[in-house]
Amino acid sequence: MTAQGEVDVRGRGSSGPAGLIEDDAAGDGFSRAVVWGLFWLPLVSLAALLAAAVIFRPAYDKMLEEDFPVEWGQFACCVFVSVVAGMTVPQAVRNRQWALAGLLLTAVLGWFFLAGEEISWGQRVFGIATPDGFEGNHQAETNLHNFDTGFDPERLFENLQLLISLAMLGLALYGRLGRPRPGSFLRIVSPPLFTVPLFLSLPGYRVFRLFVPGEVNFAVRLQEWAEFCEYAGLTVAVVCVYLAVRPAPRRDWRRLLPPAGIILATTLVFAVLSRFSGITAGNAL
(Lines give C-alpha, C1' and ligand atoms only; values in the text may rest on other atoms or scores of the structure.)
Protein backbone atom coordinates (compact mmCIF):
# COMPACT_ATOMS: atom_id res chain seq x y z
CA MET A 1 0.00 0.00 0.00
CA THR A 2 1.35 3.39 -0.91
CA ALA A 3 1.04 6.69 0.91
CA GLN A 4 -1.62 7.83 -1.52
CA GLY A 5 -3.59 4.57 -1.34
CA GLU A 6 -2.42 3.51 -4.79
CA VAL A 7 -0.01 0.84 -5.95
CA ASP A 8 1.94 0.76 -9.16
CA VAL A 9 0.80 -2.48 -10.78
CA ARG A 10 3.20 -2.41 -13.69
CA GLY A 11 5.32 -5.48 -14.00
CA ARG A 12 3.24 -7.69 -11.75
CA GLY A 13 3.09 -10.26 -14.49
CA SER A 14 0.30 -12.28 -12.86
CA SER A 15 -2.45 -13.77 -14.99
CA GLY A 16 -5.65 -15.69 -14.46
CA PRO A 17 -7.69 -15.46 -11.24
CA ALA A 18 -4.62 -14.59 -9.14
CA GLY A 19 -3.75 -11.69 -11.40
CA LEU A 20 -7.34 -10.50 -11.39
CA ILE A 21 -7.42 -10.51 -7.59
CA GLU A 22 -4.10 -8.68 -7.30
CA ASP A 23 -4.92 -6.07 -9.93
CA ASP A 24 -8.31 -5.43 -8.35
CA ALA A 25 -6.72 -4.93 -4.91
CA ALA A 26 -3.96 -2.74 -6.33
CA GLY A 27 -6.52 -0.11 -7.25
CA ASP A 28 -7.34 0.19 -3.54
CA GLY A 29 -3.69 0.32 -2.55
CA PHE A 30 -3.20 -3.17 -1.10
CA SER A 31 0.13 -4.91 -1.50
CA ARG A 32 0.46 -8.51 -2.67
CA ALA A 33 1.46 -9.64 0.85
CA VAL A 34 -1.66 -8.11 2.42
CA VAL A 35 -3.89 -9.48 -0.33
CA TRP A 36 -2.79 -13.08 -0.02
CA GLY A 37 -2.40 -12.96 3.73
CA LEU A 38 -6.05 -11.99 4.13
CA PHE A 39 -7.20 -14.23 1.27
CA TRP A 40 -5.79 -17.32 2.99
CA LEU A 41 -6.55 -16.20 6.55
CA PRO A 42 -9.87 -18.10 6.87
CA LEU A 43 -8.42 -21.40 5.64
CA VAL A 44 -5.15 -21.14 7.58
CA SER A 45 -6.84 -20.07 10.82
CA LEU A 46 -9.45 -22.82 10.48
CA ALA A 47 -6.74 -25.41 9.90
CA ALA A 48 -4.85 -24.17 12.97
CA LEU A 49 -7.97 -24.37 15.12
CA LEU A 50 -8.83 -27.87 13.90
CA ALA A 51 -5.26 -28.99 14.54
CA ALA A 52 -5.50 -27.60 18.07
CA ALA A 53 -8.78 -29.45 18.56
CA VAL A 54 -7.13 -32.73 17.59
CA ILE A 55 -3.82 -32.26 19.38
CA PHE A 56 -4.91 -30.42 22.52
CA ARG A 57 -8.63 -29.73 22.79
CA PRO A 58 -8.35 -27.20 25.68
CA ALA A 59 -6.31 -24.90 23.41
CA TYR A 60 -9.11 -24.94 20.82
CA ASP A 61 -11.72 -24.15 23.46
CA LYS A 62 -9.69 -21.33 24.97
CA MET A 63 -9.01 -19.63 21.65
CA LEU A 64 -12.75 -19.46 20.94
CA GLU A 65 -13.94 -18.81 24.49
CA GLU A 66 -15.30 -15.46 25.61
CA ASP A 67 -12.58 -13.00 26.69
CA PHE A 68 -9.94 -14.88 24.73
CA PRO A 69 -8.10 -14.01 21.47
CA VAL A 70 -10.76 -14.61 18.80
CA GLU A 71 -13.48 -12.67 20.61
CA TRP A 72 -11.12 -9.77 21.36
CA GLY A 73 -10.23 -9.74 17.67
CA GLN A 74 -13.94 -9.41 16.91
CA PHE A 75 -14.23 -6.51 19.33
CA ALA A 76 -11.26 -4.68 17.80
CA CYS A 77 -12.62 -5.10 14.26
CA CYS A 78 -16.08 -3.87 15.26
CA VAL A 79 -14.68 -0.75 16.95
CA PHE A 80 -12.41 -0.07 13.98
CA VAL A 81 -15.30 -0.35 11.52
CA SER A 82 -17.38 2.03 13.64
CA VAL A 83 -14.56 4.59 14.03
CA VAL A 84 -13.46 4.59 10.38
CA ALA A 85 -17.06 4.79 9.18
CA GLY A 86 -17.46 7.83 11.43
CA MET A 87 -14.29 9.38 9.99
CA THR A 88 -15.71 8.88 6.48
CA VAL A 89 -19.15 10.42 7.02
CA PRO A 90 -18.04 14.10 6.81
CA GLN A 91 -16.28 13.55 3.47
CA ALA A 92 -19.29 11.70 2.06
CA VAL A 93 -21.47 14.64 3.09
CA ARG A 94 -19.06 17.11 1.47
CA ASN A 95 -19.25 15.00 -1.70
CA ARG A 96 -23.07 15.05 -1.47
CA GLN A 97 -23.08 11.26 -1.41
CA TRP A 98 -26.16 11.14 0.78
CA ALA A 99 -26.93 7.41 0.48
CA LEU A 100 -23.35 6.55 1.34
CA ALA A 101 -23.36 8.97 4.29
CA GLY A 102 -26.54 7.34 5.60
CA LEU A 103 -25.06 3.86 5.22
CA LEU A 104 -21.89 4.92 7.01
CA LEU A 105 -23.82 6.50 9.86
CA THR A 106 -25.77 3.27 10.24
CA ALA A 107 -22.45 1.39 10.35
CA VAL A 108 -21.13 3.75 13.04
CA LEU A 109 -24.08 3.04 15.32
CA GLY A 110 -24.52 -0.63 14.41
CA TRP A 111 -20.91 -1.72 14.83
CA PHE A 112 -20.43 0.34 17.99
CA PHE A 113 -23.47 -1.46 19.41
CA LEU A 114 -22.10 -4.81 18.28
CA ALA A 115 -18.70 -4.07 19.86
CA GLY A 116 -20.44 -3.28 23.15
CA GLU A 117 -22.48 -6.47 22.97
CA GLU A 118 -19.37 -8.55 22.28
CA ILE A 119 -17.88 -7.58 25.66
CA SER A 120 -21.20 -7.16 27.53
CA TRP A 121 -20.60 -3.41 27.59
CA GLY A 122 -17.41 -3.75 29.59
CA GLN A 123 -18.98 -5.77 32.39
CA ARG A 124 -16.25 -8.40 32.45
CA VAL A 125 -13.58 -5.75 31.88
CA PHE A 126 -14.45 -3.55 34.85
CA GLY A 127 -16.01 -6.18 37.14
CA ILE A 128 -19.56 -4.78 37.13
CA ALA A 129 -22.33 -6.92 38.57
CA THR A 130 -25.39 -7.52 36.41
CA PRO A 131 -28.06 -4.90 37.24
CA ASP A 132 -31.72 -5.64 37.84
CA GLY A 133 -33.76 -6.17 34.71
CA PHE A 134 -31.44 -8.69 33.08
CA GLU A 135 -32.91 -11.79 34.75
CA GLY A 136 -33.93 -13.11 31.32
CA ASN A 137 -30.33 -13.19 30.11
CA HIS A 138 -29.28 -16.85 29.99
CA GLN A 139 -25.62 -15.91 30.64
CA ALA A 140 -26.55 -13.52 33.46
CA GLU A 141 -24.77 -10.69 31.65
CA THR A 142 -25.44 -7.08 30.71
CA ASN A 143 -26.17 -7.59 27.04
CA LEU A 144 -29.23 -7.97 24.83
CA HIS A 145 -28.30 -10.81 22.49
CA ASN A 146 -28.39 -13.49 25.22
CA PHE A 147 -31.95 -12.86 26.38
CA ASP A 148 -34.22 -15.89 26.39
CA THR A 149 -37.73 -14.58 26.95
CA GLY A 150 -39.73 -15.89 24.00
CA PHE A 151 -38.24 -13.55 21.40
CA ASP A 152 -34.72 -14.66 20.50
CA PRO A 153 -32.53 -11.62 19.77
CA GLU A 154 -29.46 -13.81 19.31
CA ARG A 155 -31.12 -15.56 16.38
CA LEU A 156 -31.97 -12.15 14.91
CA PHE A 157 -28.32 -11.08 15.24
CA GLU A 158 -27.16 -14.31 13.63
CA ASN A 159 -29.53 -13.85 10.69
CA LEU A 160 -28.38 -10.25 10.22
CA GLN A 161 -24.76 -11.42 10.24
CA LEU A 162 -25.56 -13.96 7.53
CA LEU A 163 -27.38 -11.37 5.42
CA ILE A 164 -24.43 -8.98 5.72
CA SER A 165 -21.98 -11.68 4.60
CA LEU A 166 -24.15 -12.59 1.62
CA ALA A 167 -24.63 -8.93 0.70
CA MET A 168 -20.88 -8.26 0.85
CA LEU A 169 -20.22 -11.34 -1.28
CA GLY A 170 -22.69 -10.09 -3.88
CA LEU A 171 -21.16 -6.61 -3.82
CA ALA A 172 -17.62 -7.95 -4.18
CA LEU A 173 -18.52 -10.11 -7.18
CA TYR A 174 -20.80 -7.63 -8.95
CA GLY A 175 -19.00 -4.43 -7.98
CA ARG A 176 -15.55 -5.73 -8.92
CA LEU A 177 -16.32 -8.10 -11.80
CA GLY A 178 -19.41 -6.37 -13.20
CA ARG A 179 -17.43 -3.12 -13.40
CA PRO A 180 -20.05 -0.51 -12.42
CA ARG A 181 -19.27 3.13 -13.17
CA PRO A 182 -16.16 4.35 -11.27
CA GLY A 183 -17.17 6.52 -8.34
CA SER A 184 -20.70 5.08 -8.25
CA PHE A 185 -22.29 4.01 -4.97
CA LEU A 186 -22.04 0.32 -5.90
CA ARG A 187 -18.38 0.59 -6.81
CA ILE A 188 -17.48 2.47 -3.62
CA VAL A 189 -19.17 0.00 -1.26
CA SER A 190 -17.90 -3.10 -3.08
CA PRO A 191 -15.11 -4.83 -1.11
CA PRO A 192 -12.06 -6.19 -2.97
CA LEU A 193 -12.19 -9.67 -4.45
CA PHE A 194 -9.63 -10.99 -1.97
CA THR A 195 -12.22 -10.60 0.80
CA VAL A 196 -14.50 -13.25 -0.74
CA PRO A 197 -13.07 -16.10 1.43
CA LEU A 198 -13.55 -13.93 4.53
CA PHE A 199 -17.21 -13.34 3.71
CA LEU A 200 -17.73 -16.99 2.69
CA SER A 201 -16.71 -18.19 6.14
CA LEU A 202 -19.99 -17.44 7.91
CA PRO A 203 -22.28 -18.89 5.19
CA GLY A 204 -19.97 -21.91 5.05
CA TYR A 205 -20.24 -22.33 8.80
CA ARG A 206 -24.05 -22.15 8.60
CA VAL A 207 -24.11 -24.90 5.97
CA PHE A 208 -21.82 -26.99 8.20
CA ARG A 209 -24.22 -26.52 11.12
CA LEU A 210 -27.07 -27.97 9.08
CA PHE A 211 -25.36 -31.34 9.41
CA VAL A 212 -24.15 -31.06 13.01
CA PRO A 213 -26.48 -31.31 16.06
CA GLY A 214 -26.95 -28.06 17.97
CA GLU A 215 -25.63 -29.49 21.22
CA VAL A 216 -22.15 -30.29 19.88
CA ASN A 217 -19.88 -27.87 21.74
CA PHE A 218 -17.10 -28.11 19.14
CA ALA A 219 -19.37 -26.78 16.39
CA VAL A 220 -20.94 -24.06 18.52
CA ARG A 221 -17.55 -22.59 19.41
CA LEU A 222 -16.50 -22.48 15.78
CA GLN A 223 -19.05 -19.74 15.16
CA GLU A 224 -16.65 -17.30 16.84
CA TRP A 225 -14.09 -18.02 14.11
CA ALA A 226 -16.68 -17.43 11.37
CA GLU A 227 -17.75 -14.12 12.94
CA PHE A 228 -14.15 -12.94 13.20
CA CYS A 229 -13.61 -13.64 9.50
CA GLU A 230 -16.68 -11.60 8.60
CA TYR A 231 -15.55 -8.68 10.77
CA ALA A 232 -12.07 -8.82 9.23
CA GLY A 233 -13.66 -8.56 5.79
CA LEU A 234 -15.72 -5.57 6.90
CA THR A 235 -12.57 -3.94 8.26
CA VAL A 236 -11.05 -4.11 4.77
CA ALA A 237 -14.28 -2.89 3.20
CA VAL A 238 -14.55 0.21 5.39
CA VAL A 239 -10.91 1.12 4.68
CA CYS A 240 -11.67 0.95 0.95
CA VAL A 241 -14.69 3.23 1.38
CA TYR A 242 -12.64 5.68 3.45
CA LEU A 243 -10.01 5.92 0.70
CA ALA A 244 -12.52 5.98 -2.17
CA VAL A 245 -14.41 9.07 -1.01
CA ARG A 246 -11.34 11.19 -0.31
CA PRO A 247 -9.71 13.44 -2.93
CA ALA A 248 -6.86 11.62 -4.71
CA PRO A 249 -4.02 13.63 -3.10
CA ARG A 250 -5.36 12.77 0.37
CA ARG A 251 -5.85 9.02 -0.05
CA ASP A 252 -3.29 8.17 2.58
CA TRP A 253 -3.92 4.94 4.48
CA ARG A 254 -1.44 6.06 7.14
CA ARG A 255 -4.09 8.43 8.49
CA LEU A 256 -5.78 5.30 9.84
CA LEU A 257 -2.75 4.18 11.84
CA PRO A 258 -3.43 6.38 14.93
CA PRO A 259 -7.02 5.14 15.45
CA ALA A 260 -5.91 1.57 14.69
CA GLY A 261 -3.12 1.85 17.27
CA ILE A 262 -5.44 3.29 19.90
CA ILE A 263 -8.03 0.58 19.28
CA LEU A 264 -5.39 -2.16 19.46
CA ALA A 265 -3.92 -0.79 22.69
CA THR A 266 -7.37 -0.40 24.24
CA THR A 267 -8.29 -3.94 23.27
CA LEU A 268 -5.13 -5.32 24.86
CA VAL A 269 -5.76 -3.35 28.07
CA PHE A 270 -9.36 -4.55 28.19
CA ALA A 271 -8.24 -8.14 27.62
CA VAL A 272 -5.82 -7.93 30.54
CA LEU A 273 -8.36 -6.26 32.82
CA SER A 274 -10.94 -8.95 32.05
CA ARG A 275 -8.57 -11.59 33.44
CA PHE A 276 -8.51 -9.85 36.85
CA SER A 277 -12.06 -8.46 37.13
CA GLY A 278 -13.46 -11.53 38.83
CA ILE A 279 -16.38 -11.58 36.37
CA THR A 280 -16.66 -14.29 33.75
CA ALA A 281 -19.48 -15.35 31.44
CA GLY A 282 -22.24 -16.83 33.55
CA ASN A 283 -21.08 -15.59 36.96
CA ALA A 284 -21.82 -11.87 36.59
CA LEU A 285 -24.59 -11.77 39.20
Inset, instruction - Taking only protein heavy atoms into account and a 1.4 Å probe, give the accessible area per residue of the stretch 154-285 in Å². - result: 49
Inset, instruction - Write out the GluC sites (Glu not before Pro) in the stretch 195-259 meeting two conditions: DSSP loop, and at most 11 other Cβ atoms within 10 Å of their Cβ. - result: 215
Inset, instruction - Among the chymotrypsin sites (Phe, Trp or Tyr not before Pro) in the stretch 39-115, which ones are in a DSSP loop with at most 16 other Cβ atoms within 10 Å of the Cβ? Mind listing them? - result: 56
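What's the Cα-based Rg to Rh of the stretch 159-254, Rh via Kirkwood?
A ratio of 1.09.
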Legend entry - Within-9-Å neighbourhood charge of residue 221 [Cβ basis; K, R +1; D, E -1]: -3
Inset, instruction - Find how many whole Å separate the alpha carbon centroid of the stretch 168-230 from the alpha carbon centroid of the stretch 26-81. - result: 14
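The values are calculated or read from the model by the stated rules, or taken from the named source; none is laboratory data. Predicted, not measured: the structure shown is a model, and the values here were computed from it. Note: ideal-geometry Cβ built from the backbone for every residue, glycine included; neighbour counts use all protein chains shown. Remember, those area values only see protein heavy atoms, side chains included, never the ligands or the DNA or RNA. Shrake-Rupley method; radii C 1.70, N 1.55, O 1.52, S 1.80 Å.
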